[in-house]
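**Q** The structure is given below, and queries will be raised subsequently.
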């Protein structure tokens, strides 16, 4: 009977995988929450920026909505980068590995770049996205996917 109970228990590796996936989802959810809050507090409207943007197209995926969605993804990117910085700072403190320190420096530079290219920041400073909503969206989406995989693998 005891052997059967041991087989029914979940292996430690599976629990670890779920825990890591849960952390990644939590970080993504935090990024979505901050991005959504920024969306509500500072809505992107093409007509209010000094640099003209194209008029919004009809439907749920108009140019204004693409910019808003890209803004949410840019906050997800920043949340994932901050989580990665925390992981690699802790790794560096524990191991004093130069590689971990190099990753921290790279991630800080990536965080600065992501911040400076963040669509909410660009719009908050009074600039429009100039009709590049779809490109901002694709860029932020691909970056979010890559960073989520990087964080998941880094937590293993």
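**Q** State whether one or more residues within region 114-129 are closer than 19 Å to residue 148 by Cβ, without any contact (Cβ under 8 Å) to a residue 12 or more places away in the chain and either touching a helix residue (DSSP H, G or I) at 6+ places or on another chain (Cβ under 7 Å) or in a helix (DSSP H, G or I) (or both).
**A** no
**Q** Does at least one position in region 130-137 carry a residue that is at pLDDT below 90, exposed (fewer than 13 other Cβ atoms within 10 Å of the Cβ), over 16 Å from residue 35 (Cα atoms) and more than 19 Å from the chain's Cα centre (by Cα)? Working first, answer last.
**A** First pass over region 130-137, keeping only residues at pLDDT below 90: 130-137.
Add one more test, that the residue is exposed (fewer than 13 other Cβ atoms within 10 Å of the Cβ), and what stays is none.
No: region 130-137 contains no residue that is at pLDDT below 90, exposed (fewer than 13 other Cβ atoms within 10 Å of the Cβ), over 16 Å from residue 35 (Cα atoms) and more than 19 Å from the chain's Cα centre (by Cα).
**Q** Which residue, of 111, 79, is under 13 Å from the mean Cα position of the chain (by Cα), surrounded by fewer than 19 Cβ atoms within 10 Å (Cβ to Cβ), in contact (Cβ under 8 Å) with a residue 24 or more places away in the chain and closer than 22 Å to residue 144 by Cβ?
**A** Just one listed residue meets the conditions, 111.
**Q** State whether one or more residues within region 96-106 are modelled with pLDDT of 90 or more and assigned to a loop (DSSP other than H, G, I, E, B). Walk me through it before giving the result.
**A** Initially, region 96-106 is screened for residues modelled with pLDDT of 90 or more, giving 96-106.
Restricting the remaining residues to those that are assigned to a loop (DSSP other than H, G, I, E, B) gives 96-97.
Yes, region 96-106 has at least one match.
The values are calculated or read from the model by the stated rules, or taken from the named source; none is laboratory data. Every value quoted in this text rests on a predicted model; they were computed, and no experiment measured them. As a convention, Cβ positions derive from the backbone with ideal geometry for all residues, glycine included, and neighbour counts pool all protein chains shown.
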